[in-house]
1. So how do 68-81, 17-30, 43-56 stack up, highest first, on mean other-Cβ count within 10 Å?
2. Given a Förster distance of 45 angstrom, what is the FRET efficiency for residue 56 paired with residue 88, based on the Cβ-Cβ distance and rounded to 0.05?
3. Just grab the label-to-label distance for residue 69 and residue 103, each label 7 Å out from Cα along the Cβ direction, in nm (one decimal).
4. For the pair residue 37 and residue 49, how long in nm is the line joining their label points, each one 7 Å along Cα→Cβ?
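None of the figures in this text is laboratory data; all of them are computed from the coordinates on show. Quantities reported herein were computed from a predicted structural model and do not represent experimental measurements. As a convention, Cβ positions derive from the backbone with ideal geometry for all residues, glycine included, and neighbour counts pool all protein chains shown.
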């Protein structure tokens, strides 16, 4: 298995031909080719090459598939006894890449009849996304809110078996006698 470790944006990524790679947001458009020349390590089966710091004559070619945002992160700053509370959120932007090929001297050519698994997934996602866009949206009709029946309770309810009132008796205020002197 051929793989490489690339350096992009101060981070290192392990790339394999035909696999998807998620990196920080890149300024290029979807569908464009991106060539990475900062290769730190190259492994070709049993042979491993390590750069000092980068390898010469080695590059990775990838196609930009999608730009997307990661999950929302809530940031809450709080200082006790100072009435300082700040709540903010953040969503990091990412780019999804499909690694087309790892190019280096002495590379053995693979038959191009086989499609990598990532390309098959990508094509199936594109076909399902087209189906989603062609479906027409139905407009919901506004309906009047349903009124709930109002049930009034009787002033005093007595249980049939015991004949006793089920309502609680209210406490009467006590009379106090004040003596005048």
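1. Listed from highest to lowest mean packing, they are 17-30, 43-56, 68-81.
2. 0.50
3. Taking the simple label geometry, residue 69 and residue 103 are separated by 3.6 nm.
4. 1.6
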